[in-house]
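One structure is given here, and the rest of the page talks about it.
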Amino acid sequence: MSAEPSRSHRGSIFLEDAEILEHDAYPGEQWILKLRAPQCAAAAQPGQFVHLQCDDRLPMRRPLSIQRVNPEAGWVEFLYKRIGTGTEALSHQQVGKQLSVLGPIGQPFQFHEERPLRLLLGGGVGIPPMIFVADRLRQLGHAGQTHAILGSEVPFPFRPRPSEILWPGLPAEAIATMPLLEDWGIACRLTSRAGIPGAFDGFVTDLARSWLASLAPADRNRVELYACGPHPMLEACAEVAAEFGVACQVSLEEFMACAVGGCAGCTVAVRTPDGVAMKRVCVDGPVFAAETVFPAP
């Protein structure tokens, strides 16, 4: 008999003392953190996160989305922004320090063979899960059918460059790309209202709408959106998906206490076949079908 959905996470979350391998600061109060956590690295799936100890003196952990993993080398990578006491303390941790890591946690993104055209939409600290999704699709041989639009109102934690991958259906002025995705063969464009050279002056959903509008109906039926970012952005992504009749998965961001389903402090209303139910973002999510969280008006 299969495990109940509410208990399916049991036995798949590991507690490790992880060593900091790299910890680099970027403009906009952003850091990229790489930890040696072999159990987490071996089990993690795109869309999952960890609950991380930020400092020995802070009892409460913080959830961080996984950006990349290397199961062979045993490391896990994160991008985070310093916005409060926990991430402030984390930003001062040095290479060689050990931090307690609980993970991987949550339901990952799902890949559906009948929808092989994937559009990844990441905003701010919602970018990391999209990098993980892109990396996994590249490993599966789907880089040529994967597209990504990443948005930020602060400088990106990488140096953008002009894309050499043609992407029909987008405005000509949208030329900046993330070098990592470009090198993977994945079409990528950047958006920002902060005047970043080459980035489209607008939102990720503006470019998504432009591309979807350029597709024939038969091609739209093969598209699925994957999104992570601030709540208003996710709501807008769900509206775009509904407008064009395409499938969409969203990864929610919520404050968490335990992160393993015990406290029920991160519940959201989700529409199910049996009616509206309160679901825990940590273990029932963070990934949900967009229409179950943001129903069409």
| said: Based on C-alpha coordinates, I'd like the Rg and Dmax of region 248-297, in Å. | reply: 10.7, 33
| message | Using amide H atoms built in the peptide plane, which far-off residues or other-chain residues are under 5 Å from residue 151 H to H? | response | 122, 123, 124, 191
| remark: By the mean-Cβ-within-10 Å protection proxy, highest first, 70-83, 27-40, 265-278 rank as 27-40, 70-83, 265-278
| If one computes the Cα centroid of region 191-217 and of region 86-155, what distance in Å separates the two points? | 20 Å
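So between residue 112 and residue 269, what do we pick up on full extension, going 0.36 nm a residue minus the alpha carbon distance?
Working: separation 157, 0.36 × 157 = 56.52 nm, distance 2.48 nm.
Difference between extended and current length: 54.0 nm.
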| note | Computed Rg/Rh for region 194-272 (Cα atoms; Rh = Kirkwood radius) stands at 1.08
| Residue-wise HN-Hα coupling along region 290-296, computed from phi with Karplus coefficients 6.51, -1.76, 1.60 (Hz; x: Gly, Pro) | 4, 5, 7, 9, 10, x, 5
| remark: Calc'd 3J(HN,Hα), region 98-110, phi into Karplus 6.51 cos²θ - 1.76 cosθ + 1.60 (θ = phi - 60°), Hz, glycine/Pro = x, comes to 9, 10, 6, 10, 10, x, x, 10, x, 7, x, 5, 10
| Residues of type lysines that residue 34 reaches as a straight line, Cα spacing below 21 Å, ignoring anything fewer than 8 places off in the same chain | 81, 97
| task | Work out the P(r) tail for the chain: percent of alpha carbon pairs separated by more than 28 Å, whole number. | result | 36 percent
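How high is the FRET efficiency from residue 172 to residue 19, r the C-beta distance, R0 35 Å, rounded to 0.05? Please report the intermediate quantities before stating the final value.
Working: r = 46 Å, r/R0 = 1.33.
Here the calculated transfer efficiency is 0.15.
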| message | Let me see the P(r) profile for region 139-281: every Cα-Cα distance counted, bins of 5 Å, each bin given as a percent of all pairs. | response | 2, 9, 16, 18, 19, 14, 10, 8, 4, 1
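No value in this document is a laboratory result; all are computed from the given coordinates. This one's a predicted model, so the numbers in the text were calculated from it and none came from an experiment. Ideal geometry is used to build each Cβ from the backbone, glycine not excepted, and the neighbour counts take in all protein chains shown.
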